[in-house]
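J.: Handing you a structure now.
The values are calculated or read from the model by the stated rules, or taken from the named source; none is laboratory data. Here the structure is a predicted model, which is why all the values come from computation and not from measurement. So basically every Cβ, Gly included, is an ideal-geometry build from the backbone, and we count neighbours across all protein chains shown. Ligands, DNA and RNA are excluded from the accessible area calculation, which covers all protein heavy atoms including side chains. Shrake-Rupley method; radii C 1.70, N 1.55, O 1.52, S 1.80 Å.
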Amino acid sequence: MSGLVNALVIVAVAAVVIVRQFRARALDTDRRWWVLPVILAVVALREPGILDAHHRAGSAALLAAEVLIGLATGAGWAWTTRLWTAPDGVVWTKSTRASIGVWLVGIGMRAGLFALGAAAGVHQHSSALMLSLAGTLLVRAGILTWRARSFATASASAGRTAPAYGDDMRAAWKESV
């Protein structure tokens, strides 16, 4: 695929995933949560220009840093996502404002990494970003599935529905206008 097509795929997948995560939805822990990240990784890794032929070491270092940023973003996103169980035992999920912060920091770090590579004269292929996005989605889905399974198990063993993250917080006072 060309760089433009890769960029469009990255933007489309990221937009769909991000928009879906800010709506409450049931989390199915039995589904194959790893399929989309694996497909993205395979598409990214089959591109021949993922490493700059003239700056192999620098390009590999930037690629490794990009993937690490993606993994950290996925972990941060998963841990800032709210989970709760419905009375019927179904685990629900919704990203929080903190998740937006994680995404903004991740995007900022990626932009800084791109600027560093451009300043060093290292060509960076869009496949590196796609591989990083695959890592982000894989880690996020894995952690959420693990949290949901342990959450559901804890709720079932206690014989009650587990409280959602933040349920014990007081309601904010609202000033009349």
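J.: Residues of the stretch 93-104 being open to solvent by less than 40 Å² (accessible area, probe 1.4 Å) and assigned to a helix (DSSP H, G or I), which ones?
T.: First pass over the stretch 93-104, keeping only residues open to solvent by less than 40 Å² (accessible area, probe 1.4 Å): 93, 95-96, 99, 101-103.
Listed by number, the residues that qualify are Ser99, Gly101, Val102, Trp103.
J.: Then there is this: Taking the criterion of being assigned to a helix (DSSP H, G or I), touching a strand residue (DSSP E or B) at 6+ places or on another chain (Cβ under 8 Å) and surrounded by 14 or more Cβ atoms within 10 Å (Cβ to Cβ), would at least one residue in the stretch 72-80 satisfy it? Reasoning before the result, please.
T.: If we filter the stretch 72-80 for residues that are assigned to a helix (DSSP H, G or I), which is where we start, we get 72-79.
Add one more test, that the residue is touching a strand residue (DSSP E or B) at 6+ places or on another chain (Cβ under 8 Å), and what stays is 77.
Those left that are additionally surrounded by 14 or more Cβ atoms within 10 Å (Cβ to Cβ): 77.
Looking for residues that are assigned to a helix (DSSP H, G or I), touching a strand residue (DSSP E or B) at 6+ places or on another chain (Cβ under 8 Å) and surrounded by 14 or more Cβ atoms within 10 Å (Cβ to Cβ), one finds at least one in the stretch 72-80, hence yes.
J.: Quick test for you: out of Gly117, Gly112, pick the one residue that is under 12 Å from Glu66 (Cα atoms), out of contact with any Phe, Trp or Tyr (no Cβ under 8 Å at 6 or more places or on another chain) and crowded, with 16+ Cβ neighbours inside 10 Å. Lay out the reasoning, then the answer.
T.: On the way: Gly112 fails: crowded, with 16+ Cβ neighbours inside 10 Å.
The conditions single out Gly117.
J.: When Ile107 is evaluated against the numbered criteria (1) open to solvent by less than 30 Å² (accessible area, probe 1.4 Å); (2) closer than 13 Å to Leu129 by Cβ; (3) modelled with pLDDT of 85 or more, which criterion, by number, is the only one it fails?
T.: Here Ile107 meets the rest and fails (1).
J.: Assess whether Ile50 counts as being at pLDDT below 90 and assigned to a helix (DSSP H, G or I). Spell out the reasoning first.
T.: Details: at pLDDT below 90: yes; assigned to a helix (DSSP H, G or I): no.
No: the conditions fail for Ile50.
J.: Continuing with this model, one more query. Kindly list the number of the only condition in (1) open to solvent by 30 Å² or more (accessible area, probe 1.4 Å); (2) without any contact (Cβ under 8 Å) to a residue 40 or more places away in the chain that fails for Val90.
T.: Condition not satisfied by Val90: (2).
J.: Quick check, is Ile18 open to solvent by 60 Å² or more (accessible area, probe 1.4 Å) and under 17 Å from the mean Cα position of the chain (by Cα)? Outline the logic, then answer.
T.: Numbers: open to solvent by 60 Å² or more (accessible area, probe 1.4 Å): no; under 17 Å from the mean Cα position of the chain (by Cα): yes.
In short, no.
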